[in-house]
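The values are calculated or read from the model by the stated rules, or taken from the named source; none is laboratory data. Keep in mind the model is a prediction, meaning the values are calculated, not measured. We place every Cβ from the backbone using ideal geometry, glycine too, and count neighbours over all the protein chains shown.
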Amino acid sequence: MLIDSHCHLEYEGLVEDQAGVLQRARDAGVGQFLNISTKQSEWEQVVGTAAREDDVWASVGIHPHEADQHEDLGEAVLLEATEHERVIAIGETGLDYYYDHSDRGVQQALFRMHISAARKTGLPLIIHTRDAEADTLAILEEELGKGVFPALIHCFTASADFGAKVLDLGLTISLSGIVTFKNARDLQEVAKEIPQDRLLVETDSPFLAPVPHRGRPCEPAFVADTAKFVADLRDEPFEQLAEATTRNFANLFTKAQF
C-alpha cells in the first residue's frame, strides 16, 4: 500500500471528479490520503471529505501565501479545529519568500503559532518552505528549544545542507513528483540519502504531476509513479519503499487509524 501524504482534493482539477479521482488512486494501490487545507475557509470542506471517506484524513492550517488574510486568526481557533476526529495534522504552514504573497513578518508569526499548536496537540506540523531556508531553520531551532513537536518538510526542494539540518532536528522529508523532473539532479541526490525511516511520498495534487504525466493535472494515483522513481533512484525494491513510507506515515500521524 502507498499513502499520498499531501493532496488538495478540494482544488480545481480534482474536486470536479473527486469520487473518480479517489477510485483511480485506490486502483493504483493508494490506501490512504491526507487532504491538506491552506486557509480557514477551506477547513469545513477539507474535513467534510475526510469525514465522508474512510481512507481520507484532514489537516487544518494557513499556507504562507494566505498569511496576510489570517493575521488575527488566533491559536484558539486553530486548536479547536484540531479536535475533529479526522484532523490528524496542522498545516500546511511555513515561509514562502519566492512569491512573497504575504508580509514576511506575518508569515513568521503564523508559522510560530502553528508550531505552538503542534506542540500542544502533538499533531505533526506540515511545513512549506521556499526560498526561506535560513529563516525556516532558525525558527525551527528556536522553537524546538522551547519543546519538541513532530514535523515534516513537504514537497522538499531545498538544498542538501538544509535537508541534513532538518533531519538532524528530527524532521521527516516528503518527496513530490518534482523529484522525477529531468532538471532535479540535486534533489535526486538528496533523495538517495534520506534515511528510510524519515521518508514520505506525496503528490501535492493537483500540482506537480510527475513524469510521465507532465502537463496534466496531478492526481493522488500518480504517487505510485513518484514512489517507483524514488525506489529505483535509491536502488530499493518498490515494495520495500512502499512499506517503509506507509509505516513512516503511521508512526508520524499517530491520530490516524488504519
### Task
Scan region 158-177 residue by residue and report those that are within 18 Å of residue 233 (Cα to Cα), of a type outside the set (Gly, Ala, Ser) and surrounded by fewer than 20 Cβ atoms within 10 Å (Cβ to Cβ).
none
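Each row is one residue, and each column tells you yes or no for (1) free of Cβ contacts under 8 Å to residues at least 40 places away in the same chain; (2) in contact with a helix residue (DSSP H, G or I) (Cβ under 8 Å, 6 or more places away or on another chain); (3) of a type in the set (Phe, Trp, Tyr).
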{"site": "180", "(1), (2), (3)": "no, yes, no"}
{"site": "187", "(1), (2), (3)": "yes, yes, no"}
{"site": "191", "(1), (2), (3)": "no, yes, no"}
{"site": "195", "(1), (2), (3)": "yes, yes, no"}
{"site": "203", "(1), (2), (3)": "no, yes, no"}
{"site": "208", "(1), (2), (3)": "no, yes, no"}
{"site": "212", "(1), (2), (3)": "yes, yes, no"}
{"site": "216", "(1), (2), (3)": "yes, no, no"}
{"site": "220", "(1), (2), (3)": "no, yes, no"}
### Message
So, in region 1-25, how many residues would count as being surrounded by fewer than 17 Cβ atoms within 10 Å (Cβ to Cβ), acidic (Asp, Glu) and either in a strand (DSSP E or B) or touching a strand residue (DSSP E or B) at 6+ places or on another chain (Cβ under 7 Å) (or both)?
### Response
0
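For every residue, the table says whether it meets (1) in a strand (DSSP E or B); (2) under 24 Å from residue 11 (Cβ atoms).
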site	(1), (2)
128	yes, yes
138	no, no
147	no, no
156	no, yes
164	no, no
167	no, no
186	no, no
### Query
When you look at residue 111, is it of a type outside the set (Gly, Ala, Ser), modelled with pLDDT of 95 or more and in a helix (DSSP H, G or I), yes or no?
yes
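Which one is farthest from residue 190 (Cα to Cα) among residues in region 136-147 that are more than 19 Å from the chain's Cα centre (by Cα) and either surrounded by 20 or more Cβ atoms within 10 Å (Cβ to Cβ) or not small (Gly, Ala, Ser) (or both)? Working first, answer last.
Taking region 136-147 and keeping what is more than 19 Å from the chain's Cα centre (by Cα), we get 138, 141-147.
Within this subset, residues satisfying the condition of being either surrounded by 20 or more Cβ atoms within 10 Å (Cβ to Cβ) or not small (Gly, Ala, Ser) (or both) are 141-144, 146.
Working: 141: 21, 142: 25, 143: 25, 144: 24, 146: 29 Å.
Applying the filter and picking the extreme gives 146.
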### Task
Answer yes or no as to whether residue 110 is among the aliphatic types (A, V, I, L, M) and either in contact with a Pro (Cβ under 9 Å, 6 or more places away or on another chain) or more than 30 Å from residue 257 (Cα to Cα) (or both).
yes
### Message
Quick check on my filter: what residues within region 193-250 are farther than 20 Å from residue 27 by Cβ, polar (S, T, N, Q) and assigned to a loop (DSSP other than H, G, I, E, B)?
### Response
none
### Task
Specify which of the listed residues (41, 37) is out of contact with any Pro (no Cβ under 9 Å at 6 or more places or on another chain), surrounded by 15 or more Cβ atoms within 10 Å (Cβ to Cβ), hydroxyl-bearing (Ser, Thr, Tyr) and free of Cβ contacts under 8 Å to residues at least 60 places away in the same chain.
37
